[in-house]
Structure formats: C-alpha cells, structure tokens
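Everything below concerns the one structure shown next.
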There are 2 protein chains.
Amino acid sequence: MSIRPVPLKNVRIADNFWSPRQRLMTDVTIPYMEQILRNEIPSAEPSHAIRNFRIAAGEDSGEFYGMVFQDSDVAKWLEAAAYSLALKPDAALSRRVDETVALIGRCQQPDGYLNTYFTVKEPQNKWKNLLECHELYCAGHMLEAGVALYEDTGKDNLLNICIRLANHICDRFEKEEGIPGHQEIEIGLLRLYHTTGNIRYRDMALRFLNLRGQEPDWFKKHTPSHPGVHYGGYDILPEDTVYNQSDVPVREQKTARGHAVRQLYMLTAMADAASETEDQELQAACERLFENITQKQMYVTGAVGASAYHESFTADYDLPSDRCYGETCASVAMIFFAHQMLKNHPDGRYADLMELELYNAALAGMQLDGKRFFYVNPLETDIRVSGKASGYEHVLPERPQWYTCACCPPNLARLISSLGKYLWSEDDKHVYSHLFIGSKVNTRFGEILMESKYPWVGEVRYIVSFEKEFTLSIHIPSHVQKFILTINRKATEYQLRDGYVYITRAWKKEDTVELGFDLPVRRIYTDPRVRSCRGKVALARGPILYCFEEADQYAPVFSLILPVNADISTFGPVPKLPDDLIGLCMEGKTLEYQEQLYSSTYAEPSSCRMIAIPYFAWANRKKGDMTVWIQQG
Amino acid sequence: MSIRPVPLKNVRIADNFWSPRQRLMTDVTIPYMEQILRNEIPSAEPSHAIRNFRIAAGEDSGEFYGMVFQDSDVAKWLEAAAYSLALKPDAALSRRVDETVALIGRCQQPDGYLNTYFTVKEPQNKWKNLLECHELYCAGHMLEAGVALYEDTGKDNLLNICIRLANHICDRFEKEEGIPGHQEIEIGLLRLYHTTGNIRYRDMALRFLNLRGQEPDWFKKHTPSHPGVHYGGYDILPEDTVYNQSDVPVREQKTARGHAVRQLYMLTAMADAASETEDQELQAACERLFENITQKQMYVTGAVGASAYHESFTADYDLPSDRCYGETCASVAMIFFAHQMLKNHPDGRYADLMELELYNAALAGMQLDGKRFFYVNPLETDIRVSGKASGYEHVLPERPQWYTCACCPPNLARLISSLGKYLWSEDDKHVYSHLFIGSKVNTRFGEILMESKYPWVGEVRYIVSFEKEFTLSIHIPSHVQKFILTINRKATEYQLRDGYVYITRAWKKEDTVELGFDLPVRRIYTDPRVRSCRGKVALARGPILYCFEEADQYAPVFSLILPVNADISTFGPVPKLPDDLIGLCMEGKTLEYQEQLYSSTYAEPSSCRMIAIPYFAWANRKKGDMTVWIQQG
C-alpha cells in the first residue's frame, strides 16, 4: 500500500521563510494575476483570458485573443485562488471566483465540451488536432482547479462543471483513439478520480498513458494539415515524436527527451498511476527517468530543459550555464513529479529534489515582490549579450512583468499557495515529514506541530499533541552530514533508512523531537562530462544554492577566482535584500582585464573580496552580470 | 605612396609545408571542384552550376537549380583554375577553362548583363532586388576570375566578358542609386581597375562603398516584397541593416557586426580603396575595425563570426568555443583584408594575422586529403551533441564532402593556389617579406631566393642574386621573442620597426641573410571577459595552434587538466597523421567520471599523459571529441 500525502486542508504553514511568501501569493501575486487576466494592468501584456470566456458565453463581442491554450491561465488562477481562500478567507475573492466559475459554466456546451478557442473560432474543428490544440491540456488544468476548489474551499460549482467535462472526454476517448499533444489531462483526471472515487477517470488517464507511443506515427496520421496555421504559436511537427514523448511507449522510455514540461507532467501522472495500480513496470520507468534527469540532465539549481529550442531536454551532461533554458514551469513540475514518487517509496532523493527546486530554480522564477517572473532561469548572465545576442535571446537579465504565454507565473502561484500539501504524508503506521517547513498538521493519529529555523539555521522541532503509538519519519536532507536528535532533550534510538529517520514509540502529549545540525558552506563540483563547469565550483549552504551577482562585487563577476582553500563566512543582511537572507563572504582573487585579447603570459590575479547571495534572490537589484559557477584556482 | 604586392606571376613557392598543399590544389581539390560543378560526383550534393550556364545559353533544357548565387561557384573555380594553371601548366585544364569561359560568354546578354538565375528564371526582375539577389556578388567574383585568368595565364577571354559586364554595371549604377546586398563587387571592380587602369571601375567601387549606410532605410525602400520567396535560401530582412553593414556610412563604422564575410569583403575593398585614394578617414575606419576584430571578436585560431545565426559577429568578447561558427570563408577573407592593409603600412600585425589564419582557422577548413571541407570551425566539439543537439546543429565533428552553399571550398582553393601573392611586397626602396614561406621572387631589383624550415623549425634564409642597393624588410612574427640575424654568417646591423627588420645595404650576389629563432611551446591565455575561456589555456608553437583530440588521448578529452608547470615536449610523427607534423606531449591530469552529477567532495585528479596536435589537422582520423582550450589546474 502506498503512503498518502496529508491533504492541504489538514496542514497550516507557520514558517519564517515560507509564510511571508504565502502571504505574497494571497495579497499580491494572485490578485495581480487576476488583474492581468482581466486586462487591468495597462503596462503588462494583455491577457484577454476572461474576456475569451465572456465571448464564448455570448456575453461580449469581439474575437478570441491569445494562445490556443489561453483558458489554462484562468484555470491555473482559479486553482491558485482556491489555495488562497484556504490560506486566507476573503469574501470578495470568493464571490469573484464564483462569478468566474459561473461564467465558465455558461461557456460549457450541452455535451460538456469546454474550450473558448474552439467555441468562438472553430466550433467545427473540436478534438480534430490533438497535436497542437491543447484542448486536453486546458481540460486537465480545469479539472485540477475544480478539484482544488472542492477540496480546499468546499465549493462544488467548478467540480460539477469538471465532472461533465471529464465525462464528455471519457465518452469520446474511451472509444476513439487519441493522445494529448501536451500531457496534463492525465494529472487532472487522476486528481478527479482521487476526489470523486470514480474509477472511470483513473482508467481514462491510464488509457491516455498506455496508448502513448504505441503507434509512433499517431500524430502524423491524425493531424490535419493546415499550412500557415500553428495553434501553439510555433511550429510543432507531427514527425517530431520525441518533442511530446510519443515515439516510444511510456514504460519503455529510458531518458528524458523533448519538451521538458510535457515530459514532467507525463511523469507526474505516471508516478501517480503507478502507485494507484501497483504497476511495477510503470514505476520502474518513473525511477529510471528520475535518475536520468537528476543525475544527467539537471542543473545544480534544479533547472531542467537545457535548450531554448522547444524548451527541451537535449543530451546527457549538456548543461550550458549561459544559454540554459530551465523553464520555471519545468522546475515546478519536478516538484509535482517528486511528490508523486514519494507515494510509492519514501526515499530521501525525492524530498531532496523538492527542497532543491523549492529554494532554488522554482523560487528564482519570481521577483521578491511577487510581481515579476522569469520563464527562463539561467546560471550565468552576461549583460553584454543576455537577451540580445544570437543564442542568448531567451536569457533575460531581468524578470519581465508578464508574458504572452503566461504559464509560469500561475504555476508558481499554485505551487506556493498549496505548499502545505508537499510537507507531510501518512499511512496506517507512519507520519512522514518531507520538508523542514514550520507547520501544524492534522494526521490520522492527531495533531503535530513542527517548528523550523530552516533554511538559515539547522534547528527543527516536532511537538506531538496526543497519545498514540506510531512511527514519526523525518526526512534528513542529503546535505546534512551529522545531526543530533533528541526526544524531550534526551538522546533516543532511531533508524535511518533511505534519507529518513524512523522513530517508533508510544507518543505522549508534548513529546518533543528536536533535530540540530550545522549548515556549513559546501563547495559543489560536477562530473567532468559537464563541459561548461570544468574547473568551476558552486557554493551552497543548507538547501540554498548561491550565486555571484555584479551588485555585490568589488571586481567584475567573470574575473573572479575562488581559491581552493578560501575560508567562506556568512553575513547578513545583504545590502538591498531582505533582512533574513544570509550572504557568503570570502577572500578571492580577480584577474585584471587585459589589453590584449590573447597573451602568452599568465596575469597573476590579485586579492579581492567576493560576495555570494542566494540564487533565488538574484536579479532583484540593478541589472548586472551573474554566475552560479565560479572559477576555482 | 603605398607599397605593392609582388604579383603572383613573379613568385614561385618552394616550401616543405606549402608546396605539397599547392600540389593538392592543382592535383586534387581543383579537379574535384570541377567535377562537382559538373555534377560528376554522385556521392556529393549536386551543384548544377555549369548546367545553369548551359541552360542560360539556350544549349540545354531544364530548370535553374541551386542558390541564387550558384554562378559564383563557377567564377571561384575559374579563379582557382587560373592559379592552378600558373602553378602547373595543363593543356587539358586550359582547354576546359576556355570552353567554360566561352560558355559564359554565350550567356552574356547583349548589354553585358551576366547572371544565369535571372536569365533563366526571372529576366524581368534583373537588378530589382539588390538585397537578396547576389547579382553584384556574382559579378564581383566573375571580375576576380577574369583578372586572375588574364594576369596569371595571359588569357583575355574572360577579361573581355568582364569588361563588358563591368561597363554594364557602371552604366546602370553610375546614374542610379544602388548598393550590393552582399559586398564583393567592390573587390572585383578594384581588381579590374588595377589590371586595366580604367579609373571608371575604381570610381564605381568607391561609389558603392560611399553610398552604403548613407540612407539606412535604403534596402527597406528598394526591396520588392515577395512573400514566400527568399532568394538567399533564408530570410534576409531589409530592416536588418546591421546584417549587411548598411546602417551606418562605412567611414563611421566602429565595430564589426553582422554577417562576417560581408563585413570582411567590404573591409578588403575599403582597405584597397583607402590606399588607392589616400583616404585617411577610410583608412582609419579599416584600422579601427581591424583592431576591434582581432582584439575583441576573434577566436584564438583566427576564426571570426561567433554566431551561426546569420553567420555573424555578435558582441565583444562573446566567443563560445563549442558553438563557434567561424566560417572558413571568413578566415580566408581575413587574409584578404590583412593583405590589403599591408599596402598602406607594413605593420607586423597584418602579417601576423595572415599567418594565424593560414596555418590555423583557414587551413583547418580542409581535410588533409583536400577532398572534404568545413564550413564551420569550432574550437570544441563534443560528439554527444555536435551536429545534433539544439544549438550545436552547425558544429560538425567531421568535414562533409560538399555543401549546397559551396562558398568555402573554392575560397580555400583560390587562396592556397594563389598563396604566392601574399608573400612579398615592394616599393621603390624596399622589398618586404611577410611570411616565412620558401619561394623565389622576382622583385623590381632582381631575384631573391627564400628558403624556410618553417613552421616546424625556426630557420629561414634569404639569398640575393643581384647587385643593387635596396632595403630588405623581413617580418618577424610576434611570437618570436629572440632571433639571430646574420648576413653571410656575420652579425649585422638592422632596424626593427612595427614587426619588420629593415636591412639596407648595397647587396652583392649570393649575399645570404640567415634568421634563426626558437619555437618554444607557448601557453596562451585570454582576457577574462571571454567567459568561455576562464581558467583555460591553449597551446601554440610558432604559428601553429594546438588542440586535444580524442584519438590521441589516454583519458576523455573533457576530463583533462594541464598543470600550470607541466613540461611540454615535442614529438613526431603523430600516429596516422603526416610525418612532418609535430605533436606536443605532456604529463597532465585527468578527473575520473563521477557517479553523481554533483558532489561536495573535490575528486583528486590522477596523472595522465596528454597529447596535442596542430589544430589544422583535427578531424582527420576517427570522429571524437576535440578542444583547443584545456583546463589549467
């Protein structure tokens, strides 16, 4: 039997690091997104997404505008709004959510079909071009939103719409062949199954997964030709079966390839399905791909998808720092995937990955003020070329306000506002704590309070508020080499297995587990096959990866050298960054700029103070050069 | 008064390194090119270039095939064939050249117009789309071929065709505004002027240069719209005025930008024009751009044009090794440019650049057997991604046989077969020797024999065969730190200025100047602004730059580390490479591949023998990884 995440409604986060970020979601980002969707921010790219629904409902005139998958922005916002309402009741927001759901309901066709693009523009072409048209993708997001609203706010209005939509999809695709061009419906259907218990939705998700890659030419045979029209806003070729992972049956896939978000949404659904059906082959494929991604295709920040072309994985060890794509959505999806993997096996690698993404690649996608977002998350930016020169057009040195393709901001919003659901799992014997994020959890055994000074200080505490026997399983992050664990200030016995300590006892009220550990600065090196990192080192402390940003340095970023034996000390606050943030300071070296481009004499570097800041906080001050990997010498 | 190159007909190369390569041109490459142009090599991409002329002459049926500038391949082959005939008389080749010229003559229109694409396909659109249609570009190459055939073989058949063509161009563009979309006609007109003395051609070249950039919108105003048709085979936008350097008047251009070959052909003509007209402003622009290119935008091999997108310069110090474009044609054009710069000022920097390109970036464009060619010349190839993964599609690890766009192979052929003209210059007081390439030269003062053991051994000798007073000026390559110069085995006085020694005396018959110098292995470092080379070193010996190729190593190329103080020794022969070639051997280190992608412990490298070979000889054995820049540690 698999272990189950403790649902969001049973977890309340109270954490020095994450609570302010959740408040940023409820108070700034989610309202801001709503304004964007309603075209109320003149300086941002217009979204038109709400208006598309009004037009589809026949309540407004005009043309559909935006990406063919524009509906998914509304769905993702509704999902985030559901979490926001769970975090912080807000009658006005609740009313606007209901109004929006009602509007969606008025767009739904009598047969359950729901998609504004096809309702407004091409009603005759529904479900005809699964490769490009994202109807199943949008439906999947709608299902996620409907489930979230129901589970976390008790509203069943969108859920009912979604049940009709899901039934319509099942009616159609249970009989007819069809696979989605962008995986996501599988996640939505599985969530709907978990909530409703209706096995039809689970089996429909399985069917989509099982059909995929059985016939590699499927999209070629079933995609209508339409010269000049590209629904995705770019050229998706039916021949490019690697792009959407439809070349090989899912159980036989060996390495991550193609569009990273498609790959990871598929893996998320596969992992969920594997635990639902106890399908060993599916589980093995998930493990194999997890291993491939994290050990061969992932940046040290957690970013994945090295190439801007098709936002895709490329080849093992191909991880160029300065042209990195590393879409924010892909890092969010890595958390989804890892979280599903925990259901089958509480392995520290999955919790470690969630931690890595949360504190680094995913979090860096957002400005500290919650209003600007990165789509692309490079590990090195050079302002002379970033965003401008050929090959670097996608690598922006500043977060833009909004995007025409606005997938990343709402993905971050729904992740952070629902962070509670990633913290705890349980089964009939265990309670698992995956992340050191302060929170109060209602388990099946009773309430546990968890207090944390993480990520800046290695002190966490679990206080049990009831009397019962169970096993408390706490994930110890892989960077923690040594720790002291006490119960009620006394040393205690525990097992350590796969990155979790297991403490079994008859717990008493107020029993307190305390964990203490150092957070030394770590130097991180890569396998030499990563060509771009040869001779370089990155710095981390606890879960936080660091970078060197121009704003803090006494010499140009790309002239800095970190001596092998340099002492690295912590300091704070860092000028113009939040007070709690801890910087690193060290005595390094700098190479002077030379008069000649090439020289036969090695210029001796001179001493130079160097400062590193958490990577997630980069690009929050003036625009400048940045690097995660620094030359070691 | 400027100094003049000693014309090719007065120079005969006899050199251990270059004579075999010239024989390769006459015996292999130029005949092979001819077969390609005649579609006689089934395994190579069809060229169809000769057949286009037959169709245009009404002597064959069928359609025009190939690039809109396909004619230029025939022109460049004719130019190379002219040099080949000068090197090695060949009655059959001479006859085929005459037949081809006669065929070209039959394609020429009564008004002098000559271009098979427009004659066959769009006679109504002649001269209407200067941005894309390459008519002036093809004409420029035809003029170069006509001049070469006349100067170096005495044939005036193509020259007469070219005079009619040039007159036609002058008739049209002396009155009407017009600038070429791809610079080259300016070089051709100036060469025709040098040969005929007709100042009209010089002035036409000057007019093309002077008009350029005066009206930045010129191409936008004068390019007909034609959706779906792209004459260049790719999208050239009239708005992209940087691409063809038409955004700013030529005298005001400050850095090299846009398409590298366009930029360099323009600079070649500008430098020639500056020396013709003693135009200080034009000369200053040439010097400024020479400085910008060589000190900020040139790879250590001499390759230029960092970006595959538009084959273009990008930004100062943006020189990624693994995505380098570095078109062979651009390196050939760098030699043209430097050679013209020598006319105004015998400065060692120009001769150094010719040497760098000749022995490295340009020469690497060709397989040792003379039959395969690189268009792109990277400094790092990783066979897991090169030619395949996104961003590396253009970086091939092997030279292909031929290209649809076949500009590079004939450019190399005409360079190497006419190498004699780059060696010597003269004026009324001096004879200048620019390169240590063994040769016999007829100067205005008499014959000088030059013998050289370069590039492998630092010994050269000049033997004067006449009695006269003049100054012998010998370029000392910048890598030569110390040298011993004797005349008739006795130390002698000389001046050293701007990289040339000046020896003035009343020379006697058999007077012999001997120069001796060491060729130590040099470590080369870059300015730290070149991000991709941080912490890395390249090796050179004399004019030869080295690289590390998989075929020679005892450990994977990208795991190699060269210790700061490693002794580097020479050896030879290198297995499976020509006997004369000198390799480098050193005791280095290698980092083992790691189990984990990222690790907090620095793996200690182990000892490992490392081998470097001349860069020009890379990719002549089995396909494998290669790097010029090696980690120093």
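Throughout, read-outs are computed from the coordinates displayed, never taken from laboratory work. These numbers were taken from a predicted model, which means no experiment stands behind them. Counting neighbours? That spans all protein chains shown, and the Cβs are built from the backbone with ideal geometry, glycine included.
Data table
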| item | result |
| --- | --- |
| MRE, 222 nm, helices only [DSSP H, n ≥ 4, -39500 (n - 2.57), over the protein assembly as shown, to nearest 500] | -10000 deg cm²/dmol |
| Approximate spin-label separation B:N488-B:T570, in nm, with each point projected 7 Å along Cα-to-Cβ | 3.1 |
| GluC sites (Glu not before Pro) within region B:339-393: DSSP coil, no more than 15 neighbouring Cβ in 10 Å | B:E393 |
| Lysine pair count for region A:459-578 [Cα-Cα under 20 Å; pairs on different chains or 8 or more apart] | 6 |
| Full-extension gain in nm, A:E281 to A:H345, via 0.36 nm per residue minus C-alpha separation | 21.5 nm |
| Rounded if a/c under 1.5, otherwise prolate or oblate - chain B, Cα gyration tensor axes | oblate |
| Cα gyration tensor, region A:229-330 - rounded (a/c under 1.5), prolate or oblate | oblate |
| Once the Cα gyration tensor of the protein assembly as shown is diagonalised, semi-axes √(5λ) in Å | 64, 37, 25 |
| Cα centroid separation, region B:29-94 to region A:435-468 (Å) | 80 |
| Cα-projected label distance for B:E239 with A:H222, points at 7 Å along beta-carbon direction, nm | 3.9 |
| Stretchable slack from A:E459 to A:Y602, in nm (0.36 nm times residue separation minus alpha-carbon distance) | 46.8 nm |
| Listed residue (B:L591, A:T196, B:Y309) projecting farthest to the positive dipole end of the protein assembly as shown, Cβ model | B:L591 |
| Sparsely packed GluC sites (Glu not before Pro) within region B:540-633, loop by DSSP, other Cβ within 10 Å at most 10 | B:E595 |
| Relative contact order [Cα under 8 Å, 6+ residues apart], chain B, whole percent | 13 |
| Net dipole in debye of the protein assembly as shown [+1 Lys, Arg Cβ; -1 Asp, Glu Cβ; about Cα centre; nearest 20] | 1080 |
| Calculated FRET value between B:Q401 and B:A102, using beta carbons and R₀ = 30 Å, to 0.05 | 0.55 |
| FRET efficiency for B:E252 and B:Q495, using Cβ-Cβ distance with R0 set to 51 Å, rounded to 0.05 | 0.90 |
| Paramagnetic reach from A:D203 (point 7 Å along Cα→Cβ, amide N under 18 Å) across region A:273-293 | A:273-274, A:276-279 |
| Dipole magnitude (debye, nearest 20) for region B:471-533, charges at Cβ of Lys, Arg, Asp, Glu | 160 |
| Length added when fully stretched, A:E176-A:K121, from 0.36 nm per residue minus Cα-Cα | 17.4 nm |
| Estimated FRET transfer efficiency (B:V521, B:Y65; beta-carbon r; R0 41 Å; 0.05) | 0.25 |
| For B:E447, distant residues with modelled amide H under 5 Å away | B:S465 |
| Alpha carbon centroid spacing (whole Å) that separates region A:123-198 from region B:255-334 | 56 |
| Under 12 Å, Cβ to Cβ, from B:I437 - net charge with Lys/Arg +1 and Asp/Glu -1 | +2 |
| Sparse-neighbourhood loop sites, trypsin sites (Lys or Arg not before Pro) in region A:539-590 - DSSP loop, at most 16 other Cβ within 10 angstrom | A:K576 |
| Quarter of the Cα convex hull surface for region A:522-633, i.e. its orientation-mean projected area (nm²) | 7.9 |
| Nearest residue to the symmetry axis between A and B, taken on chain A by its Cβ, in whole Å | A:G535, 2 |
| Student exercise, region B:436-550 dipole from Lys, Arg, Asp, Glu Cβ charges, in Debye to nearest 20 | 380 |
